[in-house]
Amino acid sequence: MTEQVRLTVNGVPRDVEVEPRRLLVQTLREDLGLTGTHVGCDTSQCGACTVHLDGRAVKSCTVLAIQADGHVVTTIEGMAPDGGLHAIQAAFWAKHGLQCGFCTPGMIMSAADLLESNPDPTDDEIRHAIEGNICRCTGYHNIVAAIREAASTLRAGTDVPAAANA
Amino acid sequence: MIPAAFEYDRPTTVAEAVDILARNPGTAKVLAGGQSLLGLMRLRLARPERLVDIGGLAELRGIRALPDGGLAIGALVTYREVLDSALATSRVPLLAMAIADIGDVQVRNRGTVAGSIAHADPASDMPAVVLALEASLVVRSGSGERVVNATSFFEGAFVTDLAEDELLTEIRIPAQPTGVGMAYRHLEQPASGYSIVGAAAVVGRTGGSITTARIGVTGVADAAYRASAVEAALIGTDGGAAAIAAAAAHAAEGVAVGSDIHADAIYRAEMARVHVRRAIEAALGAAG
Ligand SMILES: Cc1cc2nc3c(=O)[nH]c(=O)nc-3n(C[C@H](O)[C@H](O)[C@H](O)COP(=O)(O)OP(=O)(O)OC[C@H]3O[C@@H](n4cnc5c(N)ncnc54)[C@H](O)[C@@H]3O)c2cc1C
Ligand code: FES
Ligand code: FES
């Protein structure tokens, strides 16, 4: 048995038919083709699937699509809708905050949740905020540097540097 | 990865929710934030036939100030909402002290305080906190409402006083005695963040001697408990380092101390004594 669900994904209303057991991450990836949201584990631990639900970072593997009915979802694809890079994406690039990139969408969504409520975090606060995101490559150092850099760009209110958008 | 199929209900009132529970005895499970339940269902450790999603119940939202100086936390209040609530953090600082370390941001954004209490994982943090605060739990079923003291709620690992047709609707925290200090200290399992042992303390002095001592302990036994032997030993003392250490020595008394891959019973009992001592010291340090 399926149910009709309406989500607003990256600003666009989307109607999907889902079985109640369908996970939000499956709907995003398989029904809506938004494969920027990754799946890295079976145990709600890796954070690769992190998206925003009503503006807050959540693990989309641990939310049913039907629970998001009527709610607003933002995925990595929605961070810079104009085809450019969001300041956090640009900072990950500039500061080498990724290697294989598997964890990166989730890292960026967690960073965005942090910077919304805390525009000037300390390194400790940054590390606490990405506790739910596992990276197998970087050793986290450059991820912290990237989030710090993004915070300062966003505080300055300046646009993303042109080079990063090239 | 994918849960087994189930029937799904999304009631819009508490009355409707408890009616669905009553009509599906033993087969329906409540779904709140899903941070414990969906994980179990994905691993097929749980296969409920029916989920009653309480996420739409406006009656269960929000944190209210109680007229006596206490606090009422609705069943849908997330950890994040508690951390963001000036009312909750100022009236009952112990909540934020424990919650800040629970899981990660994503889990705190979705997981509810009430869900953790209803789930009663022996390694979870909130049971120790509500015990030390002498909170009561408001429970609804088709036959009405009852209020249970936290001290008689936690019965075993994942077992509580809640019946299958009952919904936990609110956590009521009474005003705490004036001048008490509060603290939470725990030994975290480094990978999962769950508590190997956790100790919540609400402690206060009047005229140089300890008059309030409430200690909740989690992680040590099958169910969280009040360390009454510690409390009894601490009351009436001066609350100096020697008195605290002597009292904390009773931390694992009267319970069957658990043993698992993270900590055997001897180590766990010792860690209970250490963290109870630290929680009492920190609580007295914070006392007015
Ligand atoms: C990665 C991760 C890390 C975590 N780390 C910690 C940690 O460090 N410390 C810790 O304490 N916890 C931790 N947790 C557990 C977390 O605190 C709980 O999963 C969460 O609070 C449960 O609330 P929920 O709303 O998500 O409940 P759900 O998962 O929806 O429900 C849990 C159980 O409670 C029942 N239930 C829920 N609400 C009610 C209600 N109102 N009335 C009756 N029954 C109800 C459900 O039927 C179900 O059996 C972690 C979880 C994850 C995924
Ligand atoms: S896929 Fe790992 S937390 Fe969601
Ligand atoms: S960059 Fe490879 S997992 Fe983080």
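The values are calculated or read from the model by the stated rules, or taken from the named source; none is laboratory data. Owing to the predicted nature of the structure, the values given are computational and were not obtained by experimental measurement. Counting neighbours? That spans all protein chains shown, and the Cβs are built from the backbone with ideal geometry, glycine included. Protein only, heavy atoms only, side chains kept; ligands, DNA and RNA dropped before computing areas. Shrake-Rupley method; radii C 1.70, N 1.55, O 1.52, S 1.80 Å.
Computed with a 1.4 angstrom probe on protein heavy atoms, the A-B interface buries about 2600 square angstrom of accessible area in total. Basic side chains Lys and Arg get +1 at the Cβ, acidic Asp and Glu get -1 at the Cβ, and with that the dipole of chain B about its Cα centre reaches some 420 debye. In the frame of its principal axes, the range A:35-166 has Cα extents of 40, 31, 27 Å, reported largest first.
At R0 = 25 Å, how high is the FRET efficiency between residue A:141 and residue A:117 if r is their beta carbon distance? Nearest 0.05 is fine.
On the way: r = 24 Å, r/R0 = 0.94.
According to the calculation, E is roughly 0.60.
Compute the orientation-averaged projected area for the range B:109-230 from the convex hull of its Cα atoms and round it to one decimal in nm².
Numbers: hull surface 34.6 nm².
Approximately 8.7 nm², given one-decimal rounding.
Amide H contacts for residue A:14 (H built 1.01 Å from N in the peptide plane; partners 5 or more residues away or on another chain; cut-off under 5 Å): A:7, A:8, A:9. The residues of the range A:11-42 listed by number as losing at least 40 Å² of accessible area in the complex, against the isolated chain and with a 1.4 Å probe, are A:20, A:21, A:23, A:42.
Give the carbon-plus-sulfur fraction of the accessible surface of the range B:35-192 in %, rounded to a whole number; probe 1.4 Å, heavy atoms of protein chains only.
Working: 2970 of 5890 Å².
Result for the range B:35-192: 50 percent of the exposed heavy-atom area is carbon or sulfur.
The heavy atoms of residue B:2 offer some 50 square angstrom of accessible surface to a 1.4 angstrom probe.
On alpha carbon coordinates alone, what is the Rg over Rh value for the range B:58-173, Rh being the Kirkwood radius? Don't skip to the end; give the middle numbers.
Numbers: Rg = 13.2 Å, Rh = 14.1 Å.
So for the range B:58-173, dividing Rg by the Kirkwood Rh gives 0.93.
Computed from the C-beta positions of residue B:175 and residue B:7 and an R0 of 45 Å, the FRET efficiency is 0.60 to the nearest 0.05.
Compared with its chain on its own, the range A:56-91 contains the following residues whose accessible area drops by 40 Å² or more in the full protein assembly (probe 1.4 Å; ligands, DNA and RNA excluded): A:56, A:59, A:62, A:64, A:66, A:67.
Quote the convex hull volume per residue of chain B, based on C-alpha atoms, as a whole number of Å³.
On the way: hull volume 35.8 nm³, N = 288.
Spelled out: Cα convex hull of chain B, divided by residues, is 124 Å³.
Per-residue 3J(HN,Hα) values for the range B:160-175, derived from phi via the Karplus relation 6.51 cos²θ - 1.76 cosθ + 1.60 with θ = phi - 60°, read 10, 6, 5, 7, 5, 9, 10, 10, 7, 9, 7, 10, 10, 10, x, 4 Hz in sequence order (x marks Gly and Pro).
Beyond 12 Å, what share of the Cα-Cα pairs of the range B:7-53 is found? Please give it as a whole percent. Tail of P(r) above 12 Å: 60 percent of Cα pairs. Take every pair of alpha-carbon atoms less than 8 Å apart whose residues are at least six positions apart; their mean separation over the length of chain B yields a relative contact order of 16 percent.
As an exercise, find the ratio Rg/Rh for the range B:182-286 from alpha-carbon atoms, using the Kirkwood inverse-distance average for Rh. Present the calculation step by step, with values, prior to reporting the outcome.
Numbers: Rg = 13.2 Å, Rh = 13.4 Å.
Ratio value, two decimals: 0.98.
Using only alpha carbons, the range A:1-106 has a radius of gyration to Kirkwood radius ratio (Rg to Rh) of 0.98.
Can you give the calculated 222 nm mean residue ellipticity of chain A, where each DSSP H run of n ≥ 4 adds -39,500 (n - 2.57) and the sum is split over every residue, rounded to the nearest 500 deg cm²/dmol? Provide the component values of the computation, followed by the final result.
On the way: 5 runs with 49 residues, N = 166.
Roughly -8500 deg cm²/dmol at 222 nm, from the helical runs in chain A.
Name the trypsin sites (Lys or Arg not before Pro) in the range B:1-65 that are in a loop by DSSP and that have at most 14 other C-beta atoms within 10 Å, would you? Walk me through the numbers on the way to the answer.
Working: sites: B:23, B:29, B:42, B:44, B:50, B:61, B:64; in loops: B:44, B:61.
Of the trypsin sites (Lys or Arg not before Pro), the ones in loops of the range B:1-65 whose Cβ has at most 14 other Cβ atoms within 10 Å are B:44, B:61.
Just to be sure I understand the curve: with the Debye formula and one point per C-alpha of the protein assembly as shown, what is log10 I(q)/I(0) at q = 0.07, 0.11 Å⁻¹? Listed by q, the Debye log ratios stand at -0.38, -0.91. Accessible area per residue for the protein assembly as shown is 41 Å², calculated with a 1.4 Å probe on protein heavy atoms, without ligands, DNA or RNA. The angle between the Cα long axis of helix A:104-117 and the main principal axis of chain A comes to about 80°, on a 0 to 90 degree scale.
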